[in-house]
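A short worksheet on the structure shown next.
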Amino acid sequence: MTEHDSTTSNEPFDAGYYERFYGDPATRVSNQREIQRLAGFVHGYLSYLQVPVRSILDVGCGVGHWRRACARLWPKARYWGVEYSSYLCEKFGWHNGSIATLEPAAELGRASFDLVICQGVMQYLDDATARAALANLASWTDGALYLEALTERDWEENCDQTVTDGDVHLRSGAFYRRRLTKNFQDCGGGGFCARRAGVALFELEGR
């Protein structure tokens, strides 16, 4: 199911979806402990690279795992959570918006952010929408981007298909890298530093 599909059919990202993939221990794809560990890695690496984090945009913020992790790791940073699911927006009070059409300056009062988080969103978008979303991520990121997107290779080789949503658009990793490289340096581990941030990476630190 794509993000576009959900505008013309019954809400796909409803209570049942989130109970299956984030609530039920037998079928959930992730939990708070895993995201806390991941966020700790991102925090540690950005600290090492001396990328200050005072503002955080979490686009596709879901059930709020990153918000809780960010509050612990960057307690002084301001956090904005944006979510496409009307169910979650009503439940948690997120800003309702799409990664493809969000206008942060007008909708959130800020045009760009030190850290942008986009986890598990891109695979729900068709190719044209994904290209628009990647362009937006480049525009919004002053410091670093954490990006996780399920690829064709991940589906075949890396993920647990019994707990991963396969009703998505699977693309090659090259699709994403081609569109990220103009505006980002690949730091590894899902981290991308905005080129305008001026972070110096040794050759073997990035891809």
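The values are calculated or read from the model by the stated rules, or taken from the named source; none is laboratory data. These numbers were taken from a predicted model, which means no experiment stands behind them. Note: ideal-geometry Cβ built from the backbone for every residue, glycine included; neighbour counts use all protein chains shown.
A few notes on this one:
- For segment 161-184, taking the residues that are not in a loop (DSSP other than H, G, I, E, B) and not aliphatic (A, V, I, L, M), the one that is nearest to Gln123 (Cα to Cα) is identified as Arg171.
- The residues of segment 148-163 that are exposed (fewer than 10 other Cβ atoms within 10 Å of the Cβ) and at pLDDT 95 or above amount to a single one, Glu157.
- Residue count for segment 192-207, restricted to those that are out of contact with any Leu (no Cβ under 7 Å at 6 or more places or on another chain) and either of a type in the set (D, E, K, R) or in a loop (DSSP other than H, G, I, E, B) (or both): 10.
- Matching residues, segment 111-151, being farther than 26 Å from Asn31 by Cβ, assigned to a strand (DSSP E or B) and touching a Leu at 6+ places or on another chain (Cβ under 7 Å): Gly143
- Single residue of segment 167-185 satisfying the filter (surrounded by fewer than 17 Cβ atoms within 10 Å (Cβ to Cβ) and not aliphatic (A, V, I, L, M)) that is nearest to Ser139 (Cα to Cα): Lys182
- Restricting Leu57, Leu73 to residues that are hydrophobic (A, V, I, L, M, F, W, C) and under 15 Å from the mean Cα position of the chain (by Cα) narrows the list to Leu57.
- Restricting segment 31-57 to residues that are among the small types (Gly, Ala, Ser) and either modelled with pLDDT under 95 or farther than 9 Å from Leu115 by Cβ (or both), the residue that is surrounded by the most Cβ atoms within 10 Å (Cβ to Cβ) is Ala39.
- Residues considered: Leu180, Leu125, Leu145, Leu108. Of these, the only one that is touching a Phe, Trp or Tyr at 6+ places or on another chain (Cβ under 7 Å), farther than 20 Å from Trp66 by Cα and not small (Gly, Ala, Ser) is Leu180.
- Per this entry, Leu38 is not counted among residues that are of a type outside the set (Val, Ile, Thr) and touching a strand residue (DSSP E or B) at 6+ places or on another chain (Cβ under 6 Å).
- Consider segment 61-97 and keep the residues that are modelled with pLDDT of 95 or more and farther than 27 Å from Gly40 by Cβ. The one that is surrounded by the most Cβ atoms within 10 Å (Cβ to Cβ) is Gly97.
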